[in-house]
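This report refers to the structure that appears directly beneath it.
The values are calculated or read from the model by the stated rules, or taken from the named source; none is laboratory data. Since the structure is predicted, the reported quantities are computational estimates derived from the model, not experimental observations. Every residue, glycine among them, receives a Cβ derived from its backbone with ideal geometry; neighbour counts consider all protein chains shown.
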Amino acid sequence: MMGKWFKSGTPWIWMTGGAVSLSLIAVVGLILLIGWRGLSFFWPSEIYEFDIVNEQGQHANLIGEIYDSETVLKQQLVEAGVTGLENEPDELERYLIKVGNREFVDLDFMWVLGTTIKDERLADGVVVFERTKNGNFYGYLTEIKENGVIVSDDSTSLIQQLKQRLARTIELNDKEEDLLTGDIGAINYELDRIRLHKRKAELDGELTAERIADFDKQAADLHQQYLVLEKQLFDYRKEADRDSVTVKDMRGQDVTLSMADILDFYQPNNMGFFEKVGHWFHQVAKFIVDDPREANTEGGVFPAIFGTIFMVMLMAVIVTPFGVIAAIYLHEYAGKNNITKFIRISVINLAGVPSIVYGVFGLGFFVYIIGGSLDDIFYPEALPSPTFGTPGVMWSALTLAILTLPVVIVSTEEGLSRIPSALREGSLALGATKSETLWRIVVPMASPAIMTGLILAVARAAGEVAPLMLVGVVKLAPTLPLDGNFPFFHLERKFMHLGFHIYDVGFQSPNVEAARPLVYATSFLLVTVIVGLNLAAIAIRNNLREKYRALEH
């Protein structure tokens, strides 16, 4: 009986189904874990005030949130140099407290033994300030000043006054940022173009007195516009620096914070559940749309999101036609001989080459050889500063296109092989040429397989980091590859990438504890971006399958 059951194949079906189920559970569980650890970072945690007595009997006051806790052996602490633990149990509890106020403490986080905490209470009325630098600031709001003069110290109206004045300051900061990246940025871009045009005319021997005068006039006109905008910029900064707030910190001292340095504030201990939910959505949105700050340990990741999607889409535009044409040649035109077999084996083996090898190839061939040649031919006026002879988003896209090319070729060939030969023969019998048959019958029917190859290529390219570190990705890119300056798409620029951002924040950050939740949040965001790109490609593939299903039958 048992032998018949095994021979029927049922155990192997159950074993295969179980393995698939376990794999799905593991993948979903991993994504949920990453999402939970990352997204919970944006939830407004309760702020506590601690009375601490250290081993020397000195008293201290801490204000912060309990970030983590763990049990440690007393012997470990003694070996680490901690004293005063003679009467304590063998296992002790200690807490990781996020205290902020970076300009007055060594680190944002500190470990505190439970035995040294003499009192712990919710910090009623404490305010958390998010700042452009030095991280968060925890303290009690005492007064608001305008040009150094106190305008409010009434506890009942301080928060409302702070909201109104901070909204005004943020509006001024936004105008300043728009001016810097808009009109002033455009003027600087045009001044640089004039400098390059003047240099090119000099190299070509066409720099006459009239052209020099024309270049100088253009530069002078732009400089006059710049002076007007500069005055406007300084006015915005002066207005933004008008207000300030005085906050009592954990040392009991009053600290004055300029309103221009404050991005947001909130009172987590005074929030209801729905207020916390609204704040969570607000923080997640800021993480997605803001630029990074503080060595990427604060702020958002918008440049990295944009860079990842832009590079992947550019790679897809490059790899698809080359992969499809190569597959069509191998399947439809190439002879069935040893050379074709060798080419197929080589294509398959290319898929197993380590990605860092492609990065070295891209750096040597694309950046130094092709990019350097383009600079010599088309941009001699910019030398010795390279234009295309330096890592950039175009070289990154080309490098990943070569890396994913075997996937597209193999997938397209498999799709071509599934199309019945009767369709080809029928088309030829009706008078169509071979090329017409290919482009009007065969390729459209193979388009779902082409999309499958593109899906696999996008999934691999979006997660690659090693080759990008050599051919274009950077820790912080001051400008995006797309802006309002002609030619709008600047493929020579360096860019940020979510994968490299994870590596940089997780392994290069000077503040490990502050960076840890951002690693989870960025990882979850990268997975979301990859899933989103794949879902879009899958939707297109399914639509194509339905469109050509009747022809297949």
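Residues of the stretch 471-486 that are out of contact with any Lys or Arg (no Cβ under 8 Å at 6 or more places or on another chain) and farther than 15 Å from Asn188 by Cα: Val471, Lys475, Leu476, Leu482. Exactly one residue among Phe281, Phe302, Phe273 is in contact with a Pro (Cβ under 9 Å, 6 or more places away or on another chain) and either surrounded by fewer than 20 Cβ atoms within 10 Å (Cβ to Cβ) or modelled with pLDDT under 90 (or both), and that residue is Phe302.
The single condition among (1) of a type outside the set (D, E, K, R); (2) surrounded by 15 or more Cβ atoms within 10 Å (Cβ to Cβ); (3) over 21 Å from Leu158 (Cβ atoms); (4) under 36 Å from the mean Cα position of the chain (by Cα) that Gln218 does not satisfy is (4). For Phe109, the criteria (1) touching a strand residue (DSSP E or B) at 6+ places or on another chain (Cβ under 9 Å); (2) closer than 29 Å to Asn173 by Cα hold in every case but one, which is (2).
Filtering the stretch 61-83 to residues that are in contact (Cβ under 8 Å) with a residue 60 or more places away in the chain and more than 21 Å from Val512 (Cα to Cα) leaves only Asn61.
Of the helices (runs of 4 or more DSSP H) lying entirely inside the stretch 427-527, those carrying at least 1 residues that are surrounded by fewer than 17 Cβ atoms within 10 Å (Cβ to Cβ) and free of Cβ contacts under 8 Å to residues at least 40 places away in the same chain are 434-437, 498-507.
Taken over the stretch 234-268, the criterion of being at pLDDT 90 or above and polar (S, T, N, Q) is satisfied by Ser244, Thr246, Thr256, Ser258, Gln267. Taking the conditions (1) free of Cβ contacts under 8 Å to residues at least 12 places away in the same chain; (2) more than 20 Å from Tyr379 (Cβ to Cβ) in turn, Ile212 satisfies each one other than (1). Evaluation of Gln225 against the conditions (1) modelled with pLDDT of 90 or more; (2) out of contact with any helix residue (DSSP H, G or I) (no Cβ under 7 Å at 6 or more places or on another chain); (3) of a type outside the set (A, V, I, L, M) shows that the sole unmet condition is (2).
Only residues that are assigned to a helix (DSSP H, G or I) and either loosely packed, with under 15 Cβ neighbours inside 10 Å or within 26 Å of the chain's Cα centre (by Cα) (or both) were counted across the stretch 345-367, and they come to 16. Annotation: Arg193 fulfils all but one of (1) closer than 30 Å to Asp51 by Cβ; (2) surrounded by fewer than 15 Cβ atoms within 10 Å (Cβ to Cβ); the unmet one is (1). Taking (1) over 25 Å from Met469 (Cβ atoms); (2) without any contact (Cβ under 8 Å) to a residue 60 or more places away in the chain; (3) in a helix (DSSP H, G or I) in turn, Gly335 satisfies each apart from (3).
Only strands (runs of 3 or more DSSP E) whose full extent lies in the stretch 26-116 are considered here, and none of them has at least 2 residues that are more than 40 Å from the chain's Cα centre (by Cα).
Screening Ala295 against (1) of a type in the set (Gly, Ala, Ser); (2) in contact with a Phe, Trp or Tyr (Cβ under 8 Å, 6 or more places away or on another chain); (3) closer than 14 Å to Thr132 by Cβ leaves a single unmet condition, (2). Here Ala539 clears all of (1) among the small types (Gly, Ala, Ser); (2) modelled with pLDDT of 85 or more; (3) closer than 28 Å to Thr320 by Cβ except the condition numbered (2). Residues of the stretch 118-157 that are without any contact (Cβ under 8 Å) to a residue 12 or more places away in the chain, outside any loop (DSSP other than H, G, I, E, B) and surrounded by fewer than 14 Cβ atoms within 10 Å (Cβ to Cβ): Val149, Ile150, Val151.
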